[in-house]
2 protein chains.
Amino acid sequence: MSFVNTALQSATTAVSPVADALSYQRDDDASARRGEIVLDLAMRHAGTRTVRLRYELHGPADAPVVFVAGGISAHRHLAANDVFPESGWLNALVGTGRALDPSRRRLLAIDFIGADGHLDVPIETADQADAIAHLLDALAIGQLHAFVGYSYGALVGLQLAARHPSRLQHLVAVSGAHRAHPYAAAWRALQRRAVLLGQLQCADAQGLSLARQFAMLSYRTPEEFDERFDAAPEIVNGRVRCAAEDYLDAAGAQYVARTPINAYVRLSESIDLHRIDPAAIGVPTTVVAVEGDRLVPLSDSVALVEGLGTLGQLRVLRSPYGHDAFLKETDRIDAILASALRTGETA
Amino acid sequence: MSFVNTALQSATTAVSPVADALSYQRDDDASARRGEIVLDLAMRHAGTRTVRLRYELHGPADAPVVFVAGGISAHRHLAANDVFPESGWLNALVGTGRALDPSRRRLLAIDFIGADGHLDVPIETADQADAIAHLLDALAIGQLHAFVGYSYGALVGLQLAARHPSRLQHLVAVSGAHRAHPYAAAWRALQRRAVLLGQLQCADAQGLSLARQFAMLSYRTPEEFDERFDAAPEIVNGRVRCAAEDYLDAAGAQYVARTPINAYVRLSESIDLHRIDPAAIGVPTTVVAVEGDRLVPLSDSVALVEGLGTLGQLRVLRSPYGHDAFLKETDRIDAILASALRTGETA
């Protein structure tokens with residue numbers, strides 16, 4: 001294991017060097033900063049690879065550190081802040097008065113290994129967890145106050161808790177379990193086939209877009225579609241066009257614009273490779289399950305909590321947003337996070 | 001309206017003329033026969049078209065006639081019989097002692113309009129129902145004892161009961177409701193996009209196969225996949241391959257071998273065009289719903305039965321086979337059919 005802190009050398013990221021330098025100087029006054037480390041990572045399926053791990057850190061230097069990780073299309077920028085004012089993927093859950101309050105907690109997030117599309121090999125959630133352990137070393141963070149993971153981030157958190165239990169006091173795993181459910185795995189495998197078909201046809205963007213659109217169906221629920229897309233279909237150029245198709249087109253296009261194909265394929269695969277023995281987890285864990293999640297059935301969350309024994313507790317939400325409830329039911333999720341992070345503090 | 005009985009001219013079908021002639025001669029001794037009519041059909045979205053409607057009829061000439069219709073990939077051959085010994089799509093529900101006993105009932109089934117791939121226009125379930133009314137005229141069948149429809153066949157039965165209520169005494173609608181659910185419609189719309197992606201550069205079979213594989217996920221349930229495909233994924237040629245992929249490959253290939261692309265696309269669309277006012281149905285109707293059906297939620301079946309008022313009754317099954325329960329839970333379905341067809345007899 002080796003790493004080089006390259007916080008001032010993030011020319012390969014979307015962040016301008018000026019912003020990075022600024023943020024770095026402001027580090028001591030609780031502002032946000034970005035950086036990256038380069039590390040030699042011993043991967044499960046691809047030998048040792050030199051990889052870059054990009055992070056964003058936001059909050060007082062002396063505050064307890066909470067690591068936040070999202071789905072495969074999430075990234076290191078959680079929410080708008082003074083230094084990086086663009087909207088983040090978790091804006092609604094980060095802010096004053098929230099459980100994830102950057103004035104009281106130091107929030108750490110990364111771009112997952114593979115998210116830049118440069119690593120075209122099978123990637124395990126264990127690889128992500130090991131990379132995060134390297135990052136904590138590099139940042140001299142001995143122990144996280146908590147790791148909050150949603151979807152793929154929950155799987156990575158479970159691996160961190162199994163492989164590096166001393167690095168976190170508490171895990172909150174939302175909409176993610178100890179295994180990929182075989183039905184959800186099949187769904188993702190077909191999405192990857194859509195990508196391959198697009199590549200075969202020299203229509204890479206179209207294939208990735210179609211994959212994303214199928215994924216959207218797995219992230220949401222029939223209840224939501226019934227509320228939003230109940231209009232009768234139209235016949236356009238002799239073909240039937242359903243009410244949801246405009247929405248799905250937009251979702252596909254938006255995704256294609258910001259996602260390298262390799263990133264999508266390798267992180268999608270990574271979910272399917274995920275398998276962990278719940279009994280191997282040595283950290284107090286709050287498992288948050290959503291009834292109606294079409295990717296992570298409640299039965300798997302229950303099995304995870306049972307395997308955790310006295311370390312596990314289960315919170316169940318019912319939401320028309322299914323797997324995406326974490327991003328939508330923000331007040332209810334915030335209440336759960338507040339309770340879980342408080343538990344961590346008194347532990 | 002006009003039609004021509006061409007029972008002896010089915011050279012365009014897979015059936016040899018010899019077999020047709022044989023079966024036709026045996027008509028009076030309760031054996032099976034095939035035939036087709038050619039009719040001018042006033043279609044909802046394509047003007048008046050000359051279409052061929054192929055049927056198979058099996059059972060005593062004086063027995064009550066039960067029309068049986070299945071999903072979009074079903075056809076006129078329900079079960080093996082003396083004249084057509086090949087296996088049918090409903091073998092397990094047709095036979096001595098079953099509700100669908102060809103020694104006691106005369107079973108009638110068709111290849112849906114559009115199933116031969118020659119009609120490349122939007123097709124409504126109402127068009128199918130009108131074509132069936134023509135066929136009943138041609139066969140001099142004044143009234144069906146019952147219409148048993150599963151999936152797409154249920155939608156067609158509901159249209160027949162709304163548009164031609166005098167032609168049937170009783171309807172059994174299994175796994176089909178008065179509308180396409182918006183989520184299921186979106187799922188099918190994406191399947192049709194997979195077909196289009198395949199057609200871009202001559203990978204038609206691959207596109208249709210992928211569409212069918214996505215459809216298989218909608219026909220089955222996570223419970224079944226969990227039982228059958230719980231093995232860890234493998235890495236093959238550097239890519240992750242999930243346990244269900246062999247099964248999905250086989251399902252896709254089998255479908256491609258027997259399905260014209262136009263047939264798939266137009267019948268898939270036809271499901272999405274389906275919308276009917278339950279109050280317009282004037283026939284006693286047994287609605288059979290499967291809890292866990294990912295295409296037809298129980299709430300839609302309940303809404304259909306409520307709309308039917310005193311004419312409707314609901315039977316609910318719980319099955320790990322979801323939408324395909326009709327083809328799998330054969331003893332339980334047979335018991336429901338026996339009860340429903342008896343109701344018809346005493347009505």
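We did not get these values from a lab; they are worked out from the coordinates using the rules stated. Note that the structure is a prediction, hence the values are computed from the model and not measured. All Cβ positions, glycine included, derive from the backbone under ideal geometry; neighbour counts span all protein chains shown.
Placing a label point 7 Å from Cα along the Cα-to-Cβ axis, residue A:316 is separated from the same position in the other copies by 1.7 nm, shortest listed first. Note on region A:249-304 and region A:156-204: Cα centroid distance 4 Å, given to the nearest whole angstrom. Projecting the Cα positions of B:182, B:85, B:166 onto the charge dipole of the protein assembly as shown (unit charges on Cβ atoms of Lys, Arg, Asp and Glu, taken about the Cα centre) puts B:85 furthest along the positive direction.
Take the Cβ atoms of residue A:291 and residue B:40, set R0 to 45 Å, and the FRET efficiency comes out at 0.30. Sorted from shortest to longest, the distances between the residue A:234 label points of this copy and the other copies are 4.8 nm, with each point 7 Å from Cα along the line through the beta carbon.
When shorter helices are ignored and each DSSP H run of at least 4 residues is given -39500 (n - 2.57), the per-residue value for the protein assembly as shown at 222 nm works out to -12000 deg cm²/dmol.
Across the copies of the chain, residue A:196 has label points (7 Å from Cα along Cα→Cβ) spaced 2.4 nm apart, shortest distance listed first. Working note: Cα gyration tensor of region A:182-271, eigenvalues times five, square-rooted, sorted largest first, giving semi-axes of 24, 17, 11 Å.
Less than 5 angstrom separates the built amide H of residue B:100 from those of B:95, all sequence-distant by 5 or more or on a different chain. Placing a label point 7 Å from the Cα of residue B:232 along the Cα-to-Cβ direction, the residues of region A:178-200 whose backbone N falls under 18 Å from that point are A:178-183, A:185-186. Which parts of region B:275-308 would a label at residue A:298 reach, counting a residue when its backbone N lies under 18 Å from a point 7 Å out along Cα-to-Cβ? Backbone N within reach: B:291-294, B:297-299. Only four residue types carry charge here, +1 at the Cβ of Lys and Arg and -1 at the Cβ of Asp and Glu. Report the dipole size of region B:182-271 about the Cα centre in Debye, rounded to the nearest 20. With only Lys, Arg, Asp and Glu charged at Cβ, the dipole is about 520 debye.
Dividing the mean sequence gap of close Cα pairs (under 8 Å, 6+ apart) by how many residues region A:27-179 holds gives a relative contact order of 25 percent. Here the protein assembly as shown yields Rg over Rh of 1.06, to two decimals, using C-alpha coordinates and the Kirkwood radius.
Rounded to the nearest 20, the size of the Cβ-charge dipole of chain A about its Cα centre is 420 debye, with Lys and Arg at +1 and Asp and Glu at -1.
One decimal place: the segment residue B:328-residue B:166 gains 55.1 nm when fully extended, by the rule 0.36 nm per residue minus the C-alpha distance. Axis-proximal residue of chain B for the rotation onto chain A, reported as residue and distance in whole Å: B:201, 2, based on Cβ position. Counting every other Cβ atom within 10 Å of each residue's Cβ, B:65, B:172, B:148 order from fewest to most as B:65, B:172, B:148.
Normalising by the residue count of chain A, find the relative contact order in percent from Cα pairs under 8 Å and 6+ residues apart. For chain A, the relative contact order is 17 percent.
Residues of region B:184-205 falling in the label zone of residue B:314, defined by backbone nitrogen less than 20 Å from a point 7 Å along Cα to beta-carbon, are B:184. Fully extending the segment from residue A:275 to residue A:87 would add 64.4 nm, taking 0.36 nm per residue of separation and subtracting the current Cα-Cα distance. The calculated FRET efficiency for residue A:239 paired with residue A:342, based on their beta-carbon distance and R0 = 60 Å, is about 0.65. Averaged over peptide B:172-181, the number of partner chain Cβ atoms lying within 10 Å of each residue's Cβ comes to 1.
In summary, chain B shows an alpha-carbon radius of gyration equal to 0.97 times the 2.2 N^0.38 Å reference for compact globular proteins.
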